[in-house]
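See below for the structure under consideration.
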Amino acid sequence: MKKVRATIGTIIDTLGSLIIYAVIAAAILFIAGQAKHYYDVGYGIFSQEGKDATGTGKVVQFTVRENMTASMLGKELEEAGIIESARLFIVQERVSDYAGKYVPGTYYLSSEMTTEEILRVISGTEVSRFAPQEEQADATQQEATQ
């Protein structure tokens, strides 16, 4: 009987240790997963890459309306296939020099453009490199007369 109790005690101790190791392993995996997620978010915010590789993106005419917010822009840009994530766009817009400086109008945007490029175009700071040549020439001419 004492031997059975000792065996049961050993089994319980072993199971207890296994459960503790399993909980520790699960915690480590959870933390590693969260670290990767937050790294990816941080990388996405500060790395300026377009959704598509150079030469493979699509170009659309995108209209910025009066009183649009970053959330509205992000949602519509994502729906148009220009950006990967509206949420990431909102964060990038907030930390940029162009936050809230949108000029209503229609612009040529591409999924190859970085968020920074998109913001420069819709803020009227530069003409899209995807705009037709005559629009680019008009913009250059206007800059020369100023």
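Nothing in this text is a laboratory measurement; each read-out follows from the coordinates by a stated rule. Owing to the predicted nature of the structure, the values given are computational and were not obtained by experimental measurement.
List of remarks:
- Under 24 Å from the Cα of residue 75 - lysines, other chains or at least 8 residues apart: 51, 58, 101
- Coupling constants for region 105-112 follow from the phi torsions by the Karplus curve (6.51 cos²θ - 1.76 cosθ + 1.60, θ = phi - 60°), and in residue order they are x, 10, 10, 8, 10, 10, 6, 7 Hz; glycine and proline get x.
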